[in-house]
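Before any comments, here is the structure.
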Number of protein chains: 2
Amino acid sequence: MAFVEHIRRCNNYDRARVVPLLAGEQRIGWVRRDNAAALRRFPKVFAVEPERVVLMAEAGCDAVSAAVDDVVEALVADDLVPKWRNETFDVAVRWGEPPLFRLDRGAVPFFGVRAYGVHLNGFRRDRDRLHLWIGRRAPDKRIAPNKLDNMVAGGIGNGHGVLETLIKEGEEEAQLPAALARAAVPVGAVTYCMENRLGIRDDVLFVYDLEVPADFIPKNEDGEFTGFELMPADAVVERIRATDDFKFNVNLVILDFALRHGVLRPEDPEYLDVASGLHRPLD
Amino acid sequence: MAFVEHIRRCNNYDRARVVPLLAGEQRIGWVRRDNAAALRRFPKVFAVEPERVVLMAEAGCDAVSAAVDDVVEALVADDLVPKWRNETFDVAVRWGEPPLFRLDRGAVPFFGVRAYGVHLNGFRRDRDRLHLWIGRRAPDKRIAPNKLDNMVAGGIGNGHGVLETLIKEGEEEAQLPAALARAAVPVGAVTYCMENRLGIRDDVLFVYDLEVPADFIPKNEDGEFTGFELMPADAVVERIRATDDFKFNVNLVILDFALRHGVLRPEDPEYLDVASGLHRPLD
């Protein structure tokens, strides 16, 4: 492995393999061509043309959400979408704009709509050496079971804010008190566009840093982690370089942390690849 | 103005307006088509083809540098290049690789070779509010006269290292003691690709943060700055949003600082444009 290999995996999106999903004149997703073909039998909801898919339903957020959800149910029956049923994401033209519809989280890659998450680097300074709290994902997680993860991370469900999600996930995943979560510093966003088995992940991860006190020990409440370990940040970085132990996008979030805190330094042969590889311009 | 306007200006490069400059099979620059045409009369040094320019000189770094410099002298005579005569940059396929030749700094945009610089955010925390030391560029500067700037910034001349350049520029520009400069934290790189009057700036700026003590007051030695002012970081950010007072690329370096330190927050409508706009992937 190498740092760039992790970056490449998260940016393997190929424009030639997808067509835009449009709402009016505006692109809201990237649909892989095989997925577009599977939408042909729902002409009232999606118009499938050779080089684009157009959302036809236009009757307000609730009605469009219901129409799209009927399509999703059919796609689930065809085994093209693994429906989550407990979490929906807002689909909008741009972050912060009113949603056009809500979409089951499992169907997000099928339509290639942009998804938003929040990741928290929980860290400590022990004798000037940075340490990171690293979680181990449970073996029954749908995505990246058993992989190492940030102390807190989660997708931003419909209607929820960034900080609100951070506080909620912090409580559930790490027993992080809300007052401590509120002290986290927003430090930017990691962006990438990735094709996987299901479609396209066009992801934006809001990143926060939180220096936690020495007497705070994260504990998992919701069964999503099997445990946490405090690791020296430089050892984490070398483990990222050498292994595939961390969840695919967590590699990028931690590399961003390592860059911002001088754990990764200009002498590293991959320094500029990392510095220019974690923030794909949004299109 | 808006943050995105500063980002757009630094990323106005248009692939259709340039041809690659190749050394063997490897691209080392982007030459604007009008500049490529001006190279036709030096066939021993550059082969100008419709869709590329190929470096023909191949006799070792010193000999290639001399051959290219003869071309540069002729371009200066034609008023196509403003030669600096006191500073050359290394031209290599990749950062860290041995240079193919050295090029007068004034000719760098003509050939569109990647240039490297170092920028230092000198900051202080006064009652938990971040302040930045901001310099005012001298009226006789070639580039961006009278504009506001980082506390220390400079191009990385041939044969010099990143930290070495930071220390040298720190002493000359701000009377920053070397011991203090060495405490600066490398925090990544800002990258952009910009067309200007002369050609293409394909720039990589290594960024450092330095928290300076309250008794350190920067003073200019080399005449490049007319003075320094300590400004609240949030006021600097709003001034960047509203004005064109800062040097074009310094806007990006300070926005990167503002993101990393939580001065700019996710509530800002331009947050994601900034977070995804400061690190153009290197090609």
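I need every pair where a residue in the range B:186-213 that is closer than 17 Å to B:Val250 by Cα has its Cβ under 7 Å from the Cβ of a residue that is among the acidic types (Asp, Glu) and not in a strand (DSSP E or B), sequence separation at least 6 or different chains. From the range B:186-213, the pairs are B:Val190/B:Asp256; B:Glu195/B:Asp14; B:Val207/B:Asp256. The residues of the range B:40-81 that are part of a loop (DSSP other than H, G, I, E, B), closer than 16 Å to B:Gly106 by Cα and free of Cβ contacts under 8 Å to residues at least 40 places away in the same chain amount to a single one, B:Asp79. Tell me which residues, restricted to the range B:136-159, are small (Gly, Ala, Ser), surrounded by 15 or more Cβ atoms within 10 Å (Cβ to Cβ) and closer than 15 Å to B:Ile240 by Cβ. Within the range B:136-159, no residue meets the criteria. Among the candidates A:Ile240, A:Ile217, the residue that is in contact with a strand residue (DSSP E or B) (Cβ under 9 Å, 6 or more places away or on another chain), part of a helix (DSSP H, G or I) and away from chain B (no Cβ under 14 Å) is uniquely A:Ile240.
Of the residues that sit in the range B:214-239 and are of a type in the set (Asp, Glu) and free of Cβ contacts under 8 Å to residues at least 12 places away in the same chain, which one is farthest from A:Tyr271 (Cα to Cα)?
Residues of the range B:214-239 that are of a type in the set (Asp, Glu), as a first pass: B:215, B:221-222, B:224, B:229, B:234, B:238.
Now drop any that are not free of Cβ contacts under 8 Å to residues at least 12 places away in the same chain, which leaves B:215, B:238.
Details: B:Asp215: 33, B:Glu238: 31 Å.
It comes out as B:Asp215.
Residues in the range B:154-183 that are within 14 Å of chain A (Cβ to nearest Cβ), of a type in the set (A, V, I, L, M, F, W, C) and not in a helix (DSSP H, G or I): B:Ile156, B:Ala183. Here B:Val108 fulfils each of the conditions (1) touching a helix residue (DSSP H, G or I) at 6+ places or on another chain (Cβ under 6 Å); (2) within 17 Å of B:Tyr192 (Cα to Cα) apart from (1).
Each residue in the range B:243-260 was checked for being surrounded by fewer than 20 Cβ atoms within 10 Å (Cβ to Cβ) and within 13 Å of another protein chain (Cβ to nearest Cβ), and 0 pass. Checking the stated criteria, A:Val236 turns out not to satisfy the condition of being in contact with a His (Cβ under 8 Å, 6 or more places away or on another chain) and within 25 Å of A:Ala144 (Cα to Cα). Quick one: would you say A:Val236 is within 21 Å of B:Leu205 (Cβ to Cβ), among the β-branched types (Val, Ile, Thr) and surrounded by 16 or more Cβ atoms within 10 Å (Cβ to Cβ)? The answer is no for A:Val236.
Quick check on my filter: what residues within the range B:3-39 are closer than 30 Å to B:Val237 by Cα and either in contact with a Pro (Cβ under 9 Å, 6 or more places away or on another chain) or part of a helix (DSSP H, G or I) (or both)?
B:Phe3, B:Val4, B:Glu5, B:His6, B:Ile7, B:Arg8, B:Arg9, B:Cys10, B:Asn11, listed by residue number.
The residues of the range B:131-147 that are within 17 Å of B:Pro218 (Cα to Cα) and either of a type in the set (Val, Ile, Thr) or not in a loop (DSSP other than H, G, I, E, B) (or both), listed by number, are B:His131, B:Leu132, B:Trp133, B:Ile134, B:Gly135, B:Arg136, B:Arg137.
In the range A:24-50, the residue that is surrounded by the most Cβ atoms within 10 Å (Cβ to Cβ) out of those that are farther than 22 Å from A:Asp79 by Cα and within 23 Å of the chain's Cα centre (by Cα) is A:Ile28.
Can you tell me how many residues in the range A:248-264 are without any contact (Cβ under 8 Å) to a residue 60 or more places away in the chain and among the basic types (Lys, Arg)? Talk me through it step by step, then tell me what you get.
Initial filter on the range A:248-264 (without any contact (Cβ under 8 Å) to a residue 60 or more places away in the chain): A:258-259, A:262, A:264.
Now drop any that are not among the basic types (Lys, Arg), which leaves none.
Matching residues across the range A:248-264 total 0.
So which of B:Val53, B:Val64, B:Val4, B:Val68 is in contact with a helix residue (DSSP H, G or I) (Cβ under 6 Å, 6 or more places away or on another chain), surrounded by 18 or more Cβ atoms within 10 Å (Cβ to Cβ) and modelled with pLDDT of 95 or more? Result of the check over B:Val53, B:Val64, B:Val4, B:Val68: B:Val53. Scanning the range A:200-223 for residues that are farther than 22 Å from B:Gly262 by Cβ and either under 14 Å from the mean Cα position of the chain (by Cα) or among the charged types (D, E, K, R) (or both) yields a count of 7. Listed by first and then second residue, the pairs linking a residue in the range B:268-283 that is more than 7 Å from every other protein chain (Cβ to nearest Cβ) to a residue that is part of a loop (DSSP other than H, G, I, E, B) and acidic (Asp, Glu), with Cβ atoms under 9 Å apart and 6 or more places separating them unless they lie on different chains, are B:Val274/B:Asp268.
The values are calculated or read from the model by the stated rules, or taken from the named source; none is laboratory data. Fair warning: this is a prediction, and the values are worked out from it, not measured in the lab. Neighbour counts are summed over all protein chains in view; Cβ atoms, including those assigned to glycine, are modelled from backbone coordinates with ideal geometry.
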